[in-house]
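The values are calculated or read from the model by the stated rules, or taken from the named source; none is laboratory data. What you see is a predicted model, and the numbers here were worked out from it, not measured in a lab. Virtual Cβ from ideal backbone geometry, glycine too; neighbours counted across all protein chains shown.
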Amino acid sequence: MSAVKAKVRTCPDCKFGMTISRTSCPHCGRPAFAPNVDLAEDPDEREKLRDRYTAALAECDKKGTRAIADDFDAACRSSRAVFALGVQKLYRQVCTGTDIFETYYDLERLKNRTEAGTGLDWASLRPRAEIELLGSHFNIEHIYYACLSLEGHFLAHYGDCVVTLSETLTAHRISCFEGNTAVQYHQKAGFSGLVRSNWQNRNEICVAMFAEQLHLGSTQADFPAILVQRGSTSVDDIFVEVHLFGPMTVRTFESVRFDRRKHGSLESHLVAGIIDKLNACNIKVL
Amino acid sequence: MVIASSNRYLVDPVTKFVGRLSSAGAEVTMLRPNILDGGVLAIDAFVGRNPDAVCVTCDSEDELAQTIEQLGHKSIALDFWLMLLDPEIKDVTKERIAIELEQLFHDDVIYYHVQDVVFSAPLPPSAELRYVSERATGDRIRKFSREFIDAQPRILSLFAIWEGMRFDPLVTSKGHRELTGQFVANSIFRTIVTGGKTQAAVERLTGEVTFKLAKVCDPRLVIKLLSEFKRDLPTGERRKYQAITVADDLPDSEDYENDLVRQPIRKTHVLYQQAEKEIIAIAGLYAEGKDVQAANFLDQLVTRQSTDGSEFVVKSLCNIASRVSIAGRREVSFELLQQAMNFSDGLDTILYMQIGNEFRDIREFDKALECYQLAKTLDDGSKADGIRDEIIRLSVAKGDYDLALSKYQEIEDISQSPRTLTGLGTLYRKMGNLRDARECYWSVLHTCEGYNDVADAGLAESSKQSGNLHRAISQYLNIFGRYKDQLAPSSERVYRLALSQLFRLTQQYSRAESELRKISMAYPRDRSVNLQLAKICVLTGRIDQADDYVMRAKVPDLSEIAAELFKLVMSKSQQFKHAGLQTKILLTDYLPEDRGLAGCRNAMAAIIQHDFEAALKSLDDVRYVDRIHSDFATVLRFHAKRAMDGRYDYRENPSLCRILKRGFQPLRSTARSLASSDFNIAVQQELRFCLLVA
């Protein structure tokens, strides 16, 4: 794992400095910070992304697809963060943040692993990709994953319940990354050469990644499928990975969409329960 | 790239993701939810994205599918139960959920899985019990609800105590989180909060909980946790246990623990005596098949001894296991030894060796070897020779004499170790090399200045094997005279059995019986003792009494050669109801030194069936390490040949001549009957000899 130089930030309130692994100011106790966003906004990363972005547009100029690229760029400025998951995972996600459930789910996990007990040292299985991504092992458990999407396109490998995140509650703590970090790390043992962005500049990473796939015949209708490409295996999916830092509850959702026809009898009850809870929080059910 | 795969899988019952682990354990090949998926991820990435993943081992697709289904049902049942407590879920949804949950709860595995989880932490204030207490229908859900609501105060108490022990040294050594996982997985929290409603109830639980966690943590942690827990509970009614003595018809006595504290100065001695009595009584109950009662008393003993650490518990378990195996309950002995091994925190080299020896005695050789190897890892070097000797004895116990001999021959300065040298002597003896055996024993006696009962007994056995029965008897009598009260009880048992057999062989039946009576007081359920008593009764015409001893010896279950010969004889007796005859026994089922006699048994069975060709075949290619067995085989061979050819002349056979002139008297008589072609008498004499020889 390559070493990342310890980065520092300055608190906007008290003006004192701290390492970016801190999620709140240790001096004045004020706002929450997102290390992933700090890293994406690092000047070196910005420059790297900007270089890729301009190079991609220059290439489009040569190919004569600049206008289409500009349309794609504009569309991606309004892309949303979505993630897909199975019904039961969605239900447990919806229950996160309520004290009824979290302790019991943690106990169940401990129980299952103890009972199965096939010699894995769970404590040592820390996701190396996340450590590399954040530059340290701090906070790796606070990352949620999604992908950038247009018109609700999603990666069906992960499930058929699609959650769209609320931009208001997430934009300040989201970063975007060029591809599936788990797969990239596994295949390349690092992230060198790959680009990341904050939420505001997500269009640049989209263009950097997908501009070369645009051709003269590409239209607006093609953009969603270009932005989220489902591969033959989950490992082959191509997309812009979104990293949401910090807590996520049902109120972090903007909407949830189900494919109801696919649910078995047991799962249908979970769906009913999820809908009840979403309705209680005024979250859209599509 | 082809990745070598294993039969281990990562299964997340919540996300439904499944992957197969590579054989190196570093990568996961995705299998589900998309069955066509074949992508590969690093294991840490898989676990990071699927935090509820567990690792399972499955040897087939069906087994994997069943595992996935069961994990899935368990996790969804938990979700359903929690939904019934969620105030945001509407009643109409809860009603549908309750119907499904009722079905799921009919599976006890699922029912108790959910209980294990939700009984491990108190219900948060925001949870709502209204639906489950007022509106839930379905017997299983109502039962669950009642137990759940009733247990809440105790759950809260236990949870607070357990959290408070987070930094206790007994906890930090393993880790609070890991221990929590163990407690939940072993249903400890559930057991305590559902069964421990009073102080007395908690005390009764202690043994069970201690056993479950023997492999997990120091038993003192359990004692501490339960002591804290029961403090604020109502007293409850304590059962009056009888003082554990021999008979069940004694009147109830005072709680025997009170006896111990009356004389505190002698407490240690009293405790030891008391424990010894309990051990004998518990073993006796197991021997009689009163397993439930035995287990209850055993729990008590374990609970009490656990307060002082694992060592005493382990010793008690080994002691009981030894007695129980002698009484023929091998399966119980095995279980007790397994339990002893589970107290890994308290075991040291010597205790592991002791457990290993007990496993060896019940012929669980793999477990014995495991114990010796564990002893080796803990040893600081001081017990290395002893461990080595026990491992070699394991080869001997398995009948692998050549291997054992090669291991002995690798030892330098073997003459410096009397224990090792006697072991070698015994091995030589079993291989029929009596000269080298005697040399070993004499060397040991020289080193020990003439005092070593094992060497003396080895010499006695060598005499017996060479046919000098009366000398062997003298030697055994000398052992009892010289060593008197210094003999270990187990050694005394072995020597008296051997002496009794010699008396029986030389037809001194009353003396044989007298020796057995001395052992039977200490080991009333001893299989060997009861079998030999049965033989003596048959030889002296007391068939009814023989019946009783056979019942105690559980003869039909035994496969030792002594029992096989007994069954062979009894199958001919119309009065005897227990024996069932197997035409042929496999020689390879017996240790090498017993195969000669096993061959004789098969020959005898064939002669009874008038299959003389088969009788001769049974005696071919068999090696005899005992003169008496060899002579018996010679006589049987003579019988078969004589029966096939009435003109067969014994004078052509030097061994037969020797037997007829000065051989062992019962065989001499048999040979004479055969020489006169009195075959019926010869069969009777041969059958009688079967009762004498083993």
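Identify the single condition in (1) modelled with pLDDT of 90 or more; (2) under 22 Å from A:Leu39 (Cα atoms); (3) aliphatic (A, V, I, L, M) that A:Leu150 does not satisfy, given that it satisfies every other one.
A:Leu150 satisfies all of (1) modelled with pLDDT of 90 or more; (2) under 22 Å from A:Leu39 (Cα atoms); (3) aliphatic (A, V, I, L, M) except (2).
I'm told B:Thr180 meets every condition in (1) buried (at least 20 other Cβ atoms within 10 Å of the Cβ); (2) within 18 Å of B:Asn342 (Cα to Cα); (3) not charged (D, E, K, R) except one. Can you identify the failing condition by its number?
(2) is the only condition that B:Thr180 fails.
Taking the residues in the stretch B:26-52 that are at pLDDT below 80 and in a loop (DSSP other than H, G, I, E, B) as candidates, determine which candidate is nearest to the other protein chains (Cβ to nearest Cβ).
B:Gly39
Test each condition in (1) closer than 16 Å to B:Arg527 by Cβ; (2) surrounded by fewer than 23 Cβ atoms within 10 Å (Cβ to Cβ) for B:Thr307 and report the one that comes out false.
So the condition that B:Thr307 fails would be (1).
Here's a check for you: in the stretch A:166-178, which residue that is over 10 Å from the mean Cα position of the chain (by Cα) and not in a helix (DSSP H, G or I) is farthest from A:Asn203 (Cα to Cα)?
Among them, the one singled out is A:Ser166.
Could you tell me how many of the residues in the stretch B:464-485 are under 18 Å from B:Ile659 (Cα atoms) and either among the polar types (S, T, N, Q) or not in a loop (DSSP other than H, G, I, E, B) (or both)?
The qualifying residues number 6.
Taking the stretch A:66-93, which residues are under 17 Å from B:Arg49 (Cα atoms) and within 18 Å of the chain's Cα centre (by Cα)?
A:Val82, A:Phe83, A:Ala84, A:Leu85, A:Gly86, A:Lys89, A:Leu90, A:Gln93
What are the residues in the stretch B:112-139 that are buried (at least 16 other Cβ atoms within 10 Å of the Cβ), polar (S, T, N, Q) and more than 9 Å from chain A (Cβ to nearest Cβ), if any?
B:Gln115 - this is the single residue of the stretch B:112-139 that is buried (at least 16 other Cβ atoms within 10 Å of the Cβ), polar (S, T, N, Q) and more than 9 Å from chain A (Cβ to nearest Cβ).
Please note which helices (runs of 4 or more DSSP H) are completely contained in the stretch B:134-217 and include at least 2 residues that are small (Gly, Ala, Ser), under 19 Å from A:Tyr105 (Cα atoms) and at pLDDT below 90.
The helices (runs of 4 or more DSSP H) meeting that bar number zero.
Any idea how many residues of the stretch B:50-69 are surrounded by 20 or more Cβ atoms within 10 Å (Cβ to Cβ) and in contact with a Ser or Thr (Cβ under 9 Å, 6 or more places away or on another chain)?
6
Take the residues of the stretch A:273-286 that are more than 9 Å from every other protein chain (Cβ to nearest Cβ) and assigned to a helix (DSSP H, G or I): which is surrounded by the most Cβ atoms within 10 Å (Cβ to Cβ)?
So the residue we want is A:Ile274.
Filter the stretch A:249-272 down to the residues that are at pLDDT 85 or above and not in a helix (DSSP H, G or I), then identify the one that is nearest to A:Leu133 (Cα to Cα).
Top of the filtered list is A:Phe253.
For B:Glu390, state whether it is buried (at least 17 other Cβ atoms within 10 Å of the Cβ) and either assigned to a loop (DSSP other than H, G, I, E, B) or not polar (S, T, N, Q) (or both).
Taking the combined requirement at face value, the residue satisfies it.
Which numbered condition in (1) modelled with pLDDT of 80 or more; (2) of a type outside the set (A, V, I, L, M, F, W, C); (3) crowded, with 21+ Cβ neighbours inside 10 Å is the only one that A:Pro127 fails?
(1)
Going by the structure shown, is A:Gly135 buried (at least 21 other Cβ atoms within 10 Å of the Cβ), closer than 19 Å to A:Thr249 by Cα and more than 14 Å from the chain's Cα centre (by Cα)?
No, not satisfied.
Determine whether the stretch B:446-459 contains at least one residue that is modelled with pLDDT under 90, touching a helix residue (DSSP H, G or I) at 6+ places or on another chain (Cβ under 6 Å), surrounded by fewer than 22 Cβ atoms within 10 Å (Cβ to Cβ) and assigned to a helix (DSSP H, G or I).
Yes - at least one qualifying residue is present in the stretch B:446-459.
Just for the stretch B:78-103: of the residues that are touching a Phe, Trp or Tyr at 6+ places or on another chain (Cβ under 7 Å), more than 7 Å from chain A (Cβ to nearest Cβ) and crowded, with 22+ Cβ neighbours inside 10 Å, which one is farthest from A:Ser265 (Cα to Cα)?
B:Leu84
In the set A:Val250, A:Val207, A:Val240, A:Val228, which member is within 10 Å of chain B (Cβ to nearest Cβ), buried (at least 18 other Cβ atoms within 10 Å of the Cβ) and touching a residue at least 24 places away in the same chain (Cβ under 8 Å)?
Sole residue among the options that is within 10 Å of chain B (Cβ to nearest Cβ), buried (at least 18 other Cβ atoms within 10 Å of the Cβ) and touching a residue at least 24 places away in the same chain (Cβ under 8 Å): A:Val250.
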